[in-house]
1. Test P58 against the criterion of being touching a residue at least 60 places away in the same chain (Cβ under 8 Å) and either of a type in the set (A, V, I, L, M) or outside the structural domain of A161 (by TED's automatic domain parsing) (or both), and give yes or no.
2. I'd like to check which strands (runs of 3 or more DSSP E) are fully inside the stretch 1-82 and have at least 1 residues that are hydrophobic (A, V, I, L, M, F, W, C) and surrounded by fewer than 19 Cβ atoms within 10 Å (Cβ to Cβ).
3. Filter the stretch 87-116 down to residues that are small (G, A, S), at pLDDT below 95 and assigned by TED's automatic domain parsing to the domain that holds F15, then give me how many there are.
4. Can you tell me which of (1) over 18 Å from D190 (Cα atoms); (2) at pLDDT 90 or above; (3) in contact with a Leu (Cβ under 8 Å, 6 or more places away or on another chain) is the one A72 doesn't meet?
5. Residue by residue through the stretch 83-104, note down the ones that are in contact with a helix residue (DSSP H, G or I) (Cβ under 8 Å, 6 or more places away or on another chain) and part of a loop (DSSP other than H, G, I, E, B).
6. Hey, can you tell me all the residues within the stretch 105-126 that are surrounded by fewer than 12 Cβ atoms within 10 Å (Cβ to Cβ) and either assigned to a loop (DSSP other than H, G, I, E, B) or among the acidic types (D, E) (or both)?
7. Determine the pairs where a residue that is free of Cβ contacts under 8 Å to residues at least 60 places away in the same chain, located within the stretch 83-109, has a partner that is of a type in the set (A, V, I, L, M, F, W, C) and not in a strand (DSSP E or B) with Cβ atoms under 7 Å apart, the partner being 6 or more residues away or on another chain.
Amino acid sequence: MTDRLPLFPLGVVLFPSMLLPLHIFEDRYRRLMRDRQNASPMFGVVLTKRGNAVGDRPEIHRVGCAAEMIGAGRYPDGRYDLIVRGGRRFQVRSEEWSAGYLTGEVDWLAEPLGSTSESTELDSLTDDALRVYDQFLGAFERMAETEVPREELPEDPIELAYALCARAPLDAWELQRLLEWPTARDRLLDIRRLLRRERDLLTTTGIGGATLTRPGISFTAN
């Protein structure tokens, strides 16, 4: 199914079910807020490939994620703080700026588990990915001499893969590749490999050699 959706180019990757805080200050995105205040999803988040997300018409990656607004606050001067949650993935077919901001024709993407040789393969993969993630957190705790609270993560392979991706301290281009994988199995294999890499970097070189500086979340300005 194809729909037209406003697109929000950012320097971050949004995953399904991931929470993302945004600060809206550009006039074009204030207009988007007025146009879409009662729409769900409100817009789609796409990673900027080239160009500036602010004051420019950047080139974007073609696979993005719908954003559903779950909280908003408006400043007297018209700026907004938003909290959005990632929804469905999509692929951009065409782009247009006639609305004053970027919109696109998008195809919604399916979420297959992926072919497995045995029914137990995916269960083993999810267990191993969770184990590697816990080892990564343990390595960070030892290096930073601080405790990281453990969360209860989803058991469903599709949801778990996205949850691990949303928490992984990786560069944007690696996160984009994870978003673009066609199946949960592909995504779990890749995030397990990347978490092993980050775990080993923490163990051998300390925090300075790993991508992560400190777990957490901060506002992203448009």
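The values are calculated or read from the model by the stated rules, or taken from the named source; none is laboratory data. What you see is a predicted model; the values in this text were computed from it and never measured. Please note: Cβ atoms are built from the backbone with ideal geometry, for glycine as well, and neighbour counts cover all protein chains shown.
1. no
2. 19-24, 63-74
3. Residues meeting the conditions: 3.
4. It is condition (2) that A72 fails.
5. Going residue by residue through the stretch 83-104, those that are in contact with a helix residue (DSSP H, G or I) (Cβ under 8 Å, 6 or more places away or on another chain) are 86, 89, 99-101.
Within the stretch 83-104, A99, G100, Y101 qualify.
6. A110, S115, S117, E118, S119, T120
7. These pairs meet every condition: Q91/L109.
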